[in-house]
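Scroll down for the structure; my scribbles are underneath it.
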Amino acid sequence: MTEPLIERCGLRYLHVVGRNFLVWRKLMYASMLGNMADPMIYLVGLGFGLGGFMPAIEGMRYINFLAGGMLCYSAMNSATFEALYSAFSRLKIQRTWEGIMHAPMTAADVVLGEWIWAALKATLSGAAMLIAMYLLGLVHGLRPLAVMPVVLLIGLAFSGLGLIMTALAKSYEFFIFYFTLVITPMMFLSGVFYPRSALPPVVQAIGAVLPLTHGADLARGLTLGTPMAHPLLDVLVLAGYATCGVSVSVLLIRRRLLK
Amino acid sequence: MLQVAELRKSYSGTEVVRGVSFAVAAGECYGLLGPNGAGKTTTLRCCLGLTASDGGHISLAGLPVPAAARAARARTGVCPQFDNLDPDFTVAENLVVYGRYFGIPRDLMRERVPRLLEFAGLEDKAAARLDALSGGMKRRLTLARALVNDPQIIFLDEPTTGLDPQARHLIWDRLKSLTASGRTLILTTHFMDEAERLCHRVAIMDRGAMIAEDAPRRLIGAQIEPHVVEIYGEGVREFARDTAPRYAQRVELTGETAFCYCRDAAPLLESLQAHSALRALSRAANLEDVFIKLTGRDIRD
Ligand SMILES: Nc1ncnc2c1ncn2[C@@H]1O[C@H](COP(=O)(O)OP(=O)(O)OP(=O)(O)O)[C@@H](O)[C@H]1O
Ligand SMILES: [Mg+2]
């Protein structure tokens with residue numbers, strides 16, 4: 001016998017988002033500096049350094065191509081780190097979630113809050129990347145801002161997937177599998193650093209079902225104005241990953257905490 | 001305030017709570033006693049809807065648990081066995097942030113925090129980081145945190161374990177003042193003197209079942225002879241076997257000590273005069289004697 005899964009729809013998960021925001025605010029400047037510096041270093045290093053030897057890709061300079069991919073990559077990384085390491089420390093090491101649930105909060109409230117929080121951090125990383133693109137003169141005008149909702153969606157997708165891993169993890173070591181088997185391959189199969197057309201057809205087919213692929217296609221289209229093959233499908237795939245991720249992680253974490 | 005009927009809970013096939021029933025009235029301080037692993041914490045967690053039970057009925061603050069566990073927790077305070085304060089916040093922030101989870105408005109919380117800090121004796125630690133607190137301070141902060149929603153019923157799982165006498169006395173004092181203000185307390189402890197001091201009624205649990213329940217004084221009166229003489233020293237085994245049973249209603253020899261339970265201790269003490277190698281401690285029977293009689297002397301876990 002357990003508590004009902006979904007109670008009267010409340011906004012209690014916002015308390016969890018608020019809690020994480022308050023902690024983040026304490027180290028806000030260091031965190032934002034990291035958010036800005038990291039993608040800038042990649043963009044300048046790879047974009048100008050490597051890009052100097054590269055021909056144009058799909059009709060654009062390499063640094064432009066790379067920037068569109070890096071935007072999604074940094075959102076993915078941000079959401080993943082938050083949903084794995086930070087969330088796991090609150091689940092197991094600090095037992096913050098246990099404390100929250102002694103108040104009138106349910107496991108679903110906690111997981112929803114963490115899910116949204118990790119996606120917001122991803123959005124912040126994406127925003128930092130976009131600012132870097134403006135500063136380097138890669139994008140102009142207001143139109144590229146349309147990418148921000150997509151970045152949030154990418155954040156929600158990877159935050160949901162990450163929380164599933166956290167639900168299953170016994171220790172931090174477990175996350176190494178996720179990085180080696182999921183996140184790193186995703187980076188190379190999703191057209192972040194080079195177009196997917198460079199890969200053998202079988203590998204391309206695998207890439208076609210990955211969330212980062214759809215995120216990267218959307219992001220390039222929205223920031224750089226390249227034609228998008230199937231934007232609606234891209235949004236649906238990302239939304240699908242996000243919904244499945246958060247649903248499964250609510251069920252798993254609830255089972256783990258209410259044991 | 002709390003009714004529990006036929007509560008059951010198993011962990012991977014082992015039943016650790018086996019049909020426990022009890023009720024706690026409003027304003028009562030109710031103690032749950034039992035050896036390590038008896039199932040006290042599991043019982044409390046079930047009552048709060050924090051663990052899924054396998055059977056039974058629970059009503060907390062007038063609400064069915066787990067069906068309305070969240071709403072029931074809104075009216076309840078919880079001081080868990082192991083502190084789970086938020087290490088990312090200072091002392092005062094811990095209280096403010098916790099108040100948010102109850103949906104308590106910021107202004108009301110601002111009013112409450114100084115009073116809660118005073119209650120916990122942490123007035124000058126408001127801005128301290130958690131790792132700067134001693135174990136006793138953390139425990140007091142956990143107690144203060146359990147009161148942010150001004151609850152009518154409070155669960156306290158071993159509130160004084162690991163604390164020095166000063167800290168224990170301070171917590172006892174606070175718990176008494178909570179009882180005096182009409183709050184209902186449900187308390188687990190391994191200190192029998194603590195239970196005797198604070199609880200109107202106690203229940204003794206063993207291996208997942210409740211084996212006795214009453215007011216501490218009445219349990220002592222009903223279960224055990226009023227006087228205990230503890231005897232130890234050279235030749236105690238022979239004395240316990242040959243002499244003691246003539247004067248004591250019950251004699252238990254454990255290790256090098258004979259526990260003699262008597263209706264009247266005088267004849268036994270007199271007989272000891274002839275045994276100069278033996279030393280004796282004569283005292284009134286207490287809850288610990290009852291506890292040991294009912295749960296045995298063997299170590300659990
Ligand atoms: N999450 C869990 N998974 C498996 N077994 C558990 C779990 N929690 C408790 N148990 C087992 O259930 C039994 C009762 O544990 P519980 O913590 O309720 O005892 P307790 O009376 O609170 O003991 P203590 O005085 O040591 O705190 C123990 O045998 C314990 O090992
Ligand atoms: Mg316990």
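The values are calculated or read from the model by the stated rules, or taken from the named source; none is laboratory data. Remember, predicted model here, so these are calculated numbers, not experimental data. Backbone-built Cβ (ideal geometry, glycine too); neighbour counts: all protein chains shown. When the accessible area is computed, the model is the full protein with side chains, heavy atoms only, and any ligands, DNA or RNA have been set aside. Shrake-Rupley method; radii C 1.70, N 1.55, O 1.52, S 1.80 Å.
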State in Å² the accessible area per residue of chain B; use a 1.4 Å probe, count heavy atoms of protein chains only, and round to the nearest integer.
44
Linear extension gain, residue B:276 paired with residue B:256, 0.36 nm per residue minus alpha-carbon span
5.6 nm
When chain A is treated as a Gaussian network with springs between alpha carbons less than 10 Å apart, the largest mean-square fluctuation among A:170, A:92, A:26 is found at A:26
Accessible-area composition of chain B, carbon plus sulfur, in percent [1.4 Å probe]:
49
Can you list which of the DSSP-assigned H helices in chain B have a Cα extent of 18 Å or more along the long axis and an average Kyte-Doolittle score of at least -0.5?
B:165-180
Under Karplus coefficients 6.51, -1.76 and 1.60, residue-wise ³J(HN,Hα) of region A:238-251 in Hz, glycine/proline x
4, 4, x, 4, 4, 5, 4, x, 6, 5, 5, 5, 4, 4
Classify region A:151-204 from the C-alpha gyration tensor, please: rounded if a/c falls under 1.5, else prolate or oblate depending on whether a/b exceeds b/c.
oblate
Residues whose placed amide H lies under 5 Å from that of residue B:201, excluding near-sequence neighbours
B:29, B:31
Per residue of A:130-141, how many C-beta atoms from partner chains lie within 10 Å of its own C-beta, taken as a mean?
0
Residues in region A:48-90 near a label at residue A:194, defined as backbone nitrogen under 12 Å from the 7 Å Cα→Cβ point?
A:54-55
In terms of solvent-accessible area of protein heavy atoms at a 1.4 angstrom probe, what is the ranking of B:40, B:125, highest value first?
B:125, B:40
Residue A:145/residue B:115 FRET efficiency (R0 51 Å; Cβ-Cβ; nearest 0.05):
0.60
Please compute the length gained on full extension between residue A:29 and residue A:131, using 0.36 nm multiplied by the number of residues separating them and subtracting their Cα-Cα distance.
35.1 nm
Largest-first ranking of A:129, A:228 by accessible area, probe 1.4 Å, whole protein assembly kept, is A:228, A:129
Normalised by the number of residues in chain A, what is the relative contact order in percent for Cα pairs under 8 Å and 6+ residues apart?
26
Name the residue farthest towards the positive end of the dipole of chain B from the options B:195, B:48, B:165, assuming +1 on Cβ of Lys and Arg, -1 on Cβ of Asp and Glu, about the Cα centre.
B:48
Probe 1.4 Å, all chains present, heavy atoms only: residue B:164 accessible area in Å², nearest 10, is 80
Please name the residues of region A:223-259 whose accessible area, counted over protein heavy atoms with a 1.4 angstrom probe, falls by no less than 50 Å² between the chain alone and the full protein assembly.
A:258, A:259
In debye, nearest 20: dipole of the protein assembly as shown around its Cα centre with unit charges on the Cβ of K, R (+) and D, E (-)?
1040
Most mobile of A:96, A:166, A:213 in a GNM of chain A (Cα contacts under 10 Å)
A:96
Å² per residue, accessible surface of chain A at 1.4 Å
44
Environment charge at residue A:90 (Cβ cut-off 11 Å; Lys +1, Arg +1, Asp -1, Glu -1):
-2
Under a Gaussian network model of chain A whose springs join Cα atoms within less than 10 Å, the largest fluctuation of A:216, A:119, A:107 belongs to A:107
Pull out the extension gain between residue A:248 and residue A:177, defined as 0.36 nm times the separation in residues minus the alpha carbon to alpha carbon distance; nm, one decimal.
23.7 nm
Chains A and B: buried accessible surface, both sides, probe 1.4 Å, rounded to 100 Å²?
2800
Report the local net charge at residue B:123: Lys and Arg +1, Asp and Glu -1, summed over other residues whose C-beta lies under 12 Å from its C-beta.
+1
Could you work out the relative contact order of chain B? I mean the mean sequence separation of Cα pairs under 8 Å and 6+ apart, divided by the number of residues, in percent.
20
Output field shielding_mean for B:48-55 (other chain Cβ, 10 Å radius) holds 4
Just how much of residue A:244 is accessible, in Å², when a 1.4 Å probe is used and the result is rounded to the nearest 10?
80
What does the helix-only formula give at 222 nm for chain A: each DSSP H stretch with n ≥ 4 adding -39500 (n - 2.57), the total divided by the residues, and the result rounded to the nearest 500 deg cm²/dmol?
-21000 deg cm²/dmol
Hypothetical label at residue B:150: residues of region B:106-131 whose amide nitrogen lies under 20 Å (7 Å Cα-Cβ projection)
B:106-121
Taking chain B and counting helices only, DSSP H stretches of n ≥ 4 at -39,500 (n - 2.57) each over all residues, the nearest-500 ellipticity at 222 nm comes to -9500 deg cm²/dmol
Karplus-derived HN-Hα couplings along region A:28-40 (A = 6.51, B = -1.76, C = 1.60, θ = phi - 60°), whole Hz, x at Gly and Pro
4, 5, 4, 5, 5, 4, x, 4, 7, 5, 4, x, 4
Given a Förster radius of 60 Å and the C-beta distance between residue B:25 and residue A:203 as r, what FRET efficiency does 1/(1 + (r/R0)^6) yield to the nearest 0.05?
0.30
Would you mind pulling out the separation of the Cα centroids of region A:23-82 and region A:166-195, in Å?
18
The ³J(HN,Hα) series, computed from each phi in region B:238-245 with the Karplus coefficients 6.51, -1.76 and 1.60 at θ = phi - 60°, rounded to the nearest Hz and given as x for glycine or proline, is 5, 4, 5, 7, 9, 9, 3, x
